[in-house]
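Peer 1: Before anything else, here's the structure in question.
Computed from the coordinates by the stated procedures, all read-outs in this text should not be read as laboratory data. Model, not experiment: these values are computed from the prediction. We place every Cβ from the backbone using ideal geometry, glycine too, and count neighbours over all the protein chains shown.
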Amino acid sequence: MGSCPGASQSPRQGPPSGRRTGWGKARSGARQVGEKKGQAKARFLGRILPRDDRDRQQLTGCAGTRECSRPAGARTGAVSVKLLPMDRIATLREVLSEDPNNAFARYGLAMEYSTSGELDRALEEFAKLLAANPDYTAGYFMAAQALVRAERMEEARKMLSEGIAWAQRKRDAHAESEMQAMLEEIA
C-alpha cells in the first residue's frame, strides 16, 4: 500500500467457512471469544483513534515532525494506553475542527463532558449534535440523562418526548422503549 510499515496491515477476514461464530454480531464494547479484559476497549478505541502514524499524522500532523518524538513510519500498534479525559476531549475537538459535522465525534465529546461533570458543556454539544442530526436518538436519551443530573426535569421530559418521536419515525423500538421507560421513571 504505502512506504510506511503500518500500511502493510492485512485486511479483516471473516470466519472460516461453515462455522457459525456470530462474526460481527458482538457490540463494540463486548468481549469476543478469547479476548482478555481491556482488549475489547482497545478494539473499540482503535476504530476512532489513530492506530499507526499514518492515521495519527492525518489527524494531528505528527509522526516524524519536531512535535512528535517517534520517527516517521514508526508503528504504534493498537491503542493500549488509557487516555485521560482531557486527552480524549482534545482528540475529539481536533476531529471536530476538521469535520464539524462528524456526529459520532460530537456525541463522544458531549459524553466526555457529561462523564467529567461538565453538564453545561455537555448539553451545548448535545444541542449542536441534535440540531445537525435530529435523528440521532442516542443523543436525546443521553442529553435527557444529563438534564436529570442537572436537576432540570421539565427539559429532560421534553427531550425524551422529542427523542421518542424520532425513534418512532426511525422505527427504532429499542431506543423508543429506553426513552419511554426513563420518561415514566422521571414523571
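Peer 1: I need the peptides 127-137, 94-104 ranked by packing, meaning the mean over residues of other C-beta atoms within 10 angstrom, with the highest value on top.
Peer 2: 127-137, 94-104
Peer 1: What are the ³J(HN,Hα) couplings of segment 148-157, residue after residue, when phi is run through the Karplus curve with 6.51, -1.76, 1.60 and θ = phi - 60°? Round to Hz, x for glycine and proline.
Peer 2: Coupling constants for segment 148-157: 5, 4, 8, 6, 10, 5, 4, 5, 5, 4 Hz.
Peer 1: Please compute the length gained on full extension between residue 132 and residue 98, using 0.36 nm multiplied by the number of residues separating them and subtracting their Cα-Cα distance.
Peer 2: 10.6 nm
Peer 1: Sticking with this one: From the phi angles alone, apply the Karplus equation (6.51, -1.76, 1.60; θ = phi - 60°) to segment 140-147 and give each ³J(HN,Hα) in whole Hz, x where the residue is Gly or Pro.
Peer 2: Result, ordered by residue: 5, 4, 6, 5, 5, 4, 5, 5 Hz.
Peer 1: So, with +1 on the Cβ of K and R and -1 on the Cβ of D and E, and no other charges, what is the size of the charge dipole of segment 94-186 about its Cα centre, to the nearest 20 debye?
Peer 2: 260
Peer 1: Sort segment 93-170 into rounded, prolate or oblate with this rule: let a ≥ b ≥ c be the square roots of the eigenvalues of the Cα gyration tensor; rounded if a/c is under 1.5, and if a/c is not under 1.5, prolate when a/b is larger than b/c, oblate otherwise.
Peer 2: Here segment 93-170 falls in the oblate category.
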